[in-house]
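S.K.: Next up is a structure, given as structure tokens.
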Amino acid sequence: MDAKTPVFPSPYDVKPPKGAEDWEGIYPYYLKFQPSRRPIEDRKFWFCDSQHWPMPFRPFDCIMVDFAAKCLGQYNTRHLLVPPANGVDYRILNGYVYFSPIAVEPSEIEARVPQFLERAGHYFGNWNDLLANWKKKVLGAIDELEAISFKELPDVVDIEWVKSGKGLDDTYDLFGAYDDAIRLCYKIWQYHFEFLNLGYAAYLDFFGFVKGQFPSIPDQAIAKMVQGVDSELFRPDDELKKLSKLAIELGVADALKTGSVDEALAAVAKLPNGAKWIAAWDGAKHPWFNFSSGNGFYSTDKYWIDHLDIPLSYIRDYVSRLESGDDIMRPTARLIAERDRITAEYREMMDEEAKAVFDQKLGLSRVVFPYVEDHNFYIEHWAIGVFWRKMRQLSALLAKLGFWREDDGMFFLTRNEVRDVLWDYSAAWGVGAELRGTDYWPGEVARRRAIVDALAAQPPLPALNNPPEVITEPFTIMLWGITSEAVKRWTGADDGDGGLQGMAGSPGIVEGVARVLRSPDQLSELKKGEILVTPVTAPSWAPVFGKIAAAVTDIGGMMSHAAIVCREYGLPAVTGTGNASSKIKTGMRLRVDGNTGSVHILG
Amino acid sequence: MSAAPSLYTLPFGDISSADHARVGGKCASLGEMTQAGVAVPPGFAVTTDAYQAMLDHHGLRAEIERHLASIGSDDIDAIDRAAQAIRVRIRSHRMPDEVESAIRGAYAAMGEGMPVAVRSSATAEDMPDASFAGQQDTYLWVIGADDVVEKVRDCWASLFTTRAVAYREKNRIAHIDVLMSVGVQKMVNARAAGVAMTLEPTTGDRTRIVIDASWGLGETVVSGLVTPDNFTVEKVLEAIVARKISDKHVELVGDAALGSAVEREVDAARRSTPCLSDAEVLEVARLAKRLERQNKCPQDVEWAIDADLPEGRNLLALQSRPETVWSRKPKEKPAAYATGLMSIVGTLNNPIASRK
């Protein structure tokens, strides 16, 4: 490659799509590539994190990447002093986020080692106790979030407040509620990374050891050795399966089959065993329906608990499969037996010394790895789901007051602009004057909405500027699966014979018809036996995995959700193809080879 | 159905570990496989006692020693002359009656007119089977007791091919100590056949099973007459990780009328079609894996898919022997494995995906 021509364009040379020319104005200054910093920013390699953020940000939604990137970094940089790695710097370009890892100066790495040993050593040494405490902290934060409510300001301050000499008004609590919600979201993101990097590091160490023993071992085989079978991430889907079985057992399945959620539940309630089923349904809701149909990172994510039609439609699907004789339950006993078999067979091929090291590293990986899977339910689904619900309530309240026309208008403001609106509201209320924002925001929100829509029309670039010779940054590799090979795949052409190359996510070879889905709203289009092709999947898509023949994603590595679930279901998966969802069209016949990570378009 | 075991013949199912010295490596392995429930074409071993009875009956020992007494290991012409003379002597004698009737009885028990393969199974323990194998004969598609008896004798004679004699001379192995057993095995009507190694032969990678397969009998694969289809299977996950489909221009198939296996051109359409389905590849891999586990070391397995047997029961093991190249190499080991937290530090400093 020619050193003068960057492999990927400079962020400063990338044009916005039509209709989004003013995109920069909708995001905070620190998120953008500032022209004056061009010489500095162009020296860095930036990769797009479309794994977590496949769609352009609405301005408010930047809160998630702000908190995620900062909190990821703080644990490497300030808590644990991970010897070679600080955090990942981040910028937004044309609505998508690009990351650039910050390495530690080579001369400083050595000095960080003793501190890392002490700090990380404490976590590894007390993992289960610290994790039990973590769960308590997270549940506490969720309770606090749940307790937050946003109410319209009253005409007059309550007489009791006057008589008790409280000396404060309702705007004080309004600000308190908003600030608390943001603060709790921030807290949750800090907790999110408390264990995560360590969990990945221990896993990567085990992974490296096994690769050293068996250079040709498929990544997925190593993943299978540590993967949890009873992860809480599978619980929501398992709950739906149980409810589906129960519906048949109690004879209420037919009543569930038609109508809206309310109609179906009312029909069930009339049946002799109806109350029993409804009690089970209500019991499953908390907490397991705190489950996003996306990944938790967008205000547009739909949560089961707020959209009961989503879990109900899955139940209907499961019921019909049960009725046609399918076994829908996850074969957990078989999965455990398979995991043990795989582990034992590789172990058997090692010498005695290696076996002892293997046992030690596997032991640690199995202790720490459940967190890597389980945290996702507690943070992204449950806690963040409650946060979004509260924010939607506030947005709807402000819409009612006339700040914007649609209920979701607030998400086109940054989180600090929302504070301005709350001030506008509070000041006008206190002064007894009119709101000013009602004249400004409806038009501005509409303008910004059009910009975000225009940004969405143009997919992101995989990366910006020249990649380094070799990617050595551990977290880039662990969390995003971005390796030197991956970068080569992005830059190289396809293999020429209608094929796409990705990661071998889950073994098996299958041929079938493609169904390309770009959003969870399209999930109902999937037909049994089709091959799911999509930019990225989310845990709540689990119910569709019982229906599909294979999965192909644009983004993600061995530990991506699609790979994990496909291994669970014994389906082939090819992840991280880069562009399968745009190259493949619904209806095309595909051959998916999950052993080699290739996808061929047959016609 | 099989005949009762006797001094001279032993059905595969009756070969016990105590008999291994009497039946040679190949038949011992068939016996073990049969007893372990691995599908093996049925048959029997003609024991070394039969060979020795033959030598004794005609005073052949002394004759052999006389022929070989004066030759040097470098004089290939002399070896050739002596070897040929011994072979002629062995072939020209009738078997002792009790030996011949035991063979005829055991063959009859397989079913009259059953096509069989007659293979030699040598016993010399100090001869690495891998390098010695292939120096004795195999006769395919033999039909009728007369022919079977004749081919057994031919196998005995094949102990004295020029190459075998020269090898023993060079390695100072007493010719008369090397005994010969012969396997008589139901002929497989192979739709496809080949070899499976339970390690990657070029790297010694034990996580892989490598399968060479072609149309018809596996001899074309073993002899290198065709470039076979080549499949690599991940041993633990039991998944196909690589495949190379070759132009398999010729196949060896049985011709009942001729009473022999004949080479036949493969028609254009079939040549470059994979000779195994993916399911069959995995079946073969599982068979090889099972045999490796049973024998507790990497194996080199000959197998065939029998066109006459129903699907699911048509894969047969023909032979399994220890892999000899990699199994004898000492394994390279790092000075010490990194453990504990320092290993994690090392991993972070030099993540696996960047190590090339």
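Each row is one residue, and each column tells you yes or no for (1) in contact with a Lys or Arg (Cβ under 6 Å, 6 or more places away or on another chain); (2) without any contact (Cβ under 8 Å) to a residue 24 or more places away in the chain; (3) not aliphatic (A, V, I, L, M).
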| position | (1), (2), (3) |
| --- | --- |
| A:ALA255 | no, yes, no |
| A:ASP262 | no, yes, yes |
| A:ALA269 | no, yes, no |
| A:TRP277 | no, no, yes |
| A:THR300 | no, no, yes |
| A:ASP309 | no, no, yes |
| A:SER324 | no, yes, yes |
| A:GLU338 | no, no, yes |
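S.K.: Being within 20 Å of A:ASP237 (Cα to Cα), in contact (Cβ under 8 Å) with a residue 60 or more places away in the chain and not β-branched (Val, Ile, Thr): is that true of A:ALA580 here? Outline the logic, then answer.
M.R.: Working: within 20 Å of A:ASP237 (Cα to Cα): no; in contact (Cβ under 8 Å) with a residue 60 or more places away in the chain: yes; not β-branched (Val, Ile, Thr): yes.
So A:ALA580 fails the test.
S.K.: Further question: Quick one: in region B:194-222, which of the residues that are without any contact (Cβ under 8 Å) to a residue 24 or more places away in the chain and in a strand (DSSP E or B) is nearest to the chain's Cα centre (by Cα)? Even if it seems obvious, please write down each step before you answer.
M.R.: Residues of region B:194-222 without any contact (Cβ under 8 Å) to a residue 24 or more places away in the chain: B:202-203, B:205, B:210, B:212.
Right, trim to in a strand (DSSP E or B) and you get B:210, B:212.
Values: B:VAL210: 17, B:ASP212: 15 Å.
Of everything passing the filter in region B:194-222, B:ASP212 is nearest to the chain's Cα centre (by Cα).
S.K.: Separate question: Condition check: loosely packed, with under 15 Cβ neighbours inside 10 Å, modelled with pLDDT of 85 or more and either touching a strand residue (DSSP E or B) at 6+ places or on another chain (Cβ under 8 Å) or within 18 Å of B:ALA122 (Cα to Cα) (or both). Does B:ARG22 satisfy that? It would help to see each step written out before you state the result.
M.R.: Working: loosely packed, with under 15 Cβ neighbours inside 10 Å: no; modelled with pLDDT of 85 or more: yes; either touching a strand residue (DSSP E or B) at 6+ places or on another chain (Cβ under 8 Å) or within 18 Å of B:ALA122 (Cα to Cα) (or both): yes.
No.
S.K.: Let me ask something additional. What about B:ARG293, is it surrounded by fewer than 21 Cβ atoms within 10 Å (Cβ to Cβ), part of a helix (DSSP H, G or I) and either modelled with pLDDT of 90 or more or at positive phi (or both)?
M.R.: Values: surrounded by fewer than 21 Cβ atoms within 10 Å (Cβ to Cβ): yes; part of a helix (DSSP H, G or I): yes; either modelled with pLDDT of 90 or more or at positive phi (or both): yes.
So B:ARG293 fits the description; yes.
S.K.: Of the numbered conditions (1) assigned to a helix (DSSP H, G or I); (2) at pLDDT 90 or above; (3) more than 30 Å from B:PHE44 (Cβ to Cβ), B:ALA353 fails exactly one; give the number of that condition.
M.R.: Exception for B:ALA353: condition (2).
S.K.: On to the next question. One residue is enough: does region A:96-115 have a residue meeting the conditions away from every other protein chain (no Cβ under 14 Å) and farther than 30 Å from A:TYR29 by Cβ?
M.R.: no
S.K.: Could you give me the residue pairs with C-beta distances under 7 Å whose first residue belongs to region A:550-563 and is among the basic types (Lys, Arg), whose second residue is modelled with pLDDT of 85 or more wherever it lies, and which are 6+ apart or on separate chains?
M.R.: Taking only residues 6 or more apart or on different chains, not a single pair turns up.
S.K.: In addition: So how many residues does region A:562-603 have that are of a type in the set (Asp, Glu) and more than 14 Å from chain B (Cβ to nearest Cβ)? Talk me through it step by step, then tell me what you get.
M.R.: Taking region A:562-603 and keeping what is of a type in the set (Asp, Glu), we get A:568, A:593.
Narrowing the set further to residues that are more than 14 Å from chain B (Cβ to nearest Cβ) leaves A:568.
Counting residues in region A:562-603 that are of a type in the set (Asp, Glu) and more than 14 Å from chain B (Cβ to nearest Cβ) gives 1.
S.K.: Check A:TYR346, A:TYR303 and return the single one that is within 14 Å of chain B (Cβ to nearest Cβ), modelled with pLDDT of 90 or more, buried (at least 19 other Cβ atoms within 10 Å of the Cβ) and in contact with a Ser or Thr (Cβ under 8 Å, 6 or more places away or on another chain).
M.R.: Values: A:TYR303 fails: within 14 Å of chain B (Cβ to nearest Cβ).
Only one candidate qualifies: A:TYR346.
S.K.: Looking only at region A:362-380, decide whether some residue is within 14 Å of another protein chain (Cβ to nearest Cβ) and basic (Lys, Arg).
M.R.: Within region A:362-380, none of the residues are within 14 Å of another protein chain (Cβ to nearest Cβ) and basic (Lys, Arg).
S.K.: Looking at region A:193-220 only, could you name the residues that are crowded, with 21+ Cβ neighbours inside 10 Å, part of a helix (DSSP H, G or I) and facing chain B (nearest Cβ under 8 Å)?
M.R.: Hits for region A:193-220 are A:ALA201, A:ALA202, A:LEU204, A:ASP205, A:PHE207, A:GLY208, A:PHE209, A:GLN220.
S.K.: Being in contact with a Pro (Cβ under 8 Å, 6 or more places away or on another chain) and crowded, with 16+ Cβ neighbours inside 10 Å is the filter here, so list the residues in region B:56-108 that pass it.
M.R.: B:ALA106
S.K.: Exactly one condition in (1) over 24 Å from the mean Cα position of the chain (by Cα); (2) under 16 Å from A:LEU455 (Cα atoms) is false for A:SER10; which is it?
M.R.: Just one mismatch for A:SER10, condition (2).
S.K.: Right, next: Please go through (1) more than 14 Å from chain A (Cβ to nearest Cβ); (2) more than 24 Å from A:ARG347 (Cβ to Cβ); (3) buried (at least 22 other Cβ atoms within 10 Å of the Cβ) for B:ALA269 and return the number of the only condition it doesn't satisfy.
M.R.: (3)
The values are calculated or read from the model by the stated rules, or taken from the named source; none is laboratory data. Just so you know, these numbers come straight off a predicted model, no measurement behind them. Heads up, the Cβs are rebuilt from the backbone with ideal geometry, glycines too, and the neighbour counts pull from every protein chain shown.
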